[in-house]
């Protein structure tokens, strides 16, 4: 129980810090926010490129613009959140079924294929 | 009447110390005043097996030849009653069974499924922007399948590779993000100062 509280505090702190930072600083205008090394080196976008802009727009309630910045977040965020929840915040194994589903090979491979497809497609159609 | 409590917690008379399928208080074996044995499963998570038949949260009669299995451990319950006899001195001492037979033949699973590092692999792919995370996901994806097809060494090896690839991805990712960000800031500052005119 004690460890759970510590973990919740750490994860919440990271999320709040990131949100506050991205609420006040527009990533399109601010220098000094983390840059994607893959994009800087190759000129190609990585699957996660646009996340900062997406979060910025989301926090300013420009839902549509946020979606265009990185539509793949619609898949990634819930999956990553579910994984974090069942792995780190469920010591008694109450969500065993969801955990099995999240860790199932088919789920993981599907996510993997989607990631790679999205990576290729976004660089072809310049999303 | 004599009651023997069995489970993982040290308050039991028979303590099965390192078998994670054994509940804290798993079951009780009772010898009544007439010399009859009964087994009560005290709401254990994985049940108690008497001659291969699962008992859960209920009571059965035991014959002295019955084989009682809990988790991966076969319980030597008879010896406890026979050697214990009626002496009150034995009643307080508890037997600790270390479940050491799990690794030798490879048939018994190691205690728990290895951590596949899937969470870290995916967080790495999302936030560190590098293909290392993807390799890590590939290995992490294999862990569950291998584990449930009883290839325990394979599962452990895949989990280890997922972890290694994650740490490489994490290290190189953080390093390159720092370098590119610093470079970007300096370059921008120089542009601002008119260095390239």
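The values are calculated or read from the model by the stated rules, or taken from the named source; none is laboratory data. Since we're looking at a predicted model, the values are computed, not measured. Backbone-built Cβ (ideal geometry, glycine too); neighbour counts: all protein chains shown.
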- request: For the range A:4-24, indicate whether the set of residues that are in contact (Cβ under 8 Å) with a residue 12 or more places away in the chain, touching a helix residue (DSSP H, G or I) at 6+ places or on another chain (Cβ under 7 Å) and outside any helix (DSSP H, G or I) is non-empty.
  value: no
message: Please pick out the residue among A:45, A:99 that is more than 8 Å from chain B (Cβ to nearest Cβ) and either out of contact with any helix residue (DSSP H, G or I) (no Cβ under 6 Å at 6 or more places or on another chain) or in a loop (DSSP other than H, G, I, E, B) (or both).
response: A:45
task: Could you please find all residues in the range A:69-106 being closer than 16 Å to residue B:140 by Cα, surrounded by 12 or more Cβ atoms within 10 Å (Cβ to Cβ) and over 17 Å from the mean Cα position of the chain (by Cα)?
output: A:99, A:100, A:101, A:103, A:104, A:105
statement: Of all helices (runs of 4 or more DSSP H) fully inside the range B:53-144, the set with 1 or more residues that are within 12 Å of chain A (Cβ to nearest Cβ), under 30 Å from residue A:40 (Cβ atoms) and modelled with pLDDT of 80 or more is B:118-128
query: So how many residues does the range B:145-162 have that are surrounded by fewer than 19 Cβ atoms within 10 Å (Cβ to Cβ) and either facing chain A (nearest Cβ under 10 Å) or touching a strand residue (DSSP E or B) at 6+ places or on another chain (Cβ under 8 Å) (or both)?
result: 2
message: I'm told residue A:61 meets every condition in (1) without any contact (Cβ under 8 Å) to a residue 12 or more places away in the chain; (2) on the phi < 0 side of the Ramachandran plot; (3) loosely packed, with under 14 Cβ neighbours inside 10 Å except one. Can you identify the failing condition by its number?
response: (2)
message: Regarding the range A:16-39, can at least one residue be identified that is exposed (fewer than 14 other Cβ atoms within 10 Å of the Cβ) and under 19 Å from residue B:130 (Cα atoms)?
response: no
field: Subset tally (residues that are within 14 Å of another protein chain (Cβ to nearest Cβ), assigned to a helix (DSSP H, G or I) and within 24 Å of residue A:110 (Cβ to Cβ)) for the range A:48-91
entry: 18
query: Across the range B:20-41, what is the total count of residues that are surrounded by fewer than 18 Cβ atoms within 10 Å (Cβ to Cβ) and in a loop (DSSP other than H, G, I, E, B)?
result: 8
Matching residues, the range B:163-186, being in contact with a helix residue (DSSP H, G or I) (Cβ under 6 Å, 6 or more places away or on another chain) and more than 11 Å from chain A (Cβ to nearest Cβ): B:165, B:166, B:168, B:169, B:170
message: Residue under question is residue A:37, and the condition is that it be in contact (Cβ under 8 Å) with a residue 40 or more places away in the chain and within 24 Å of residue A:112 (Cα to Cα); does it hold?
response: no
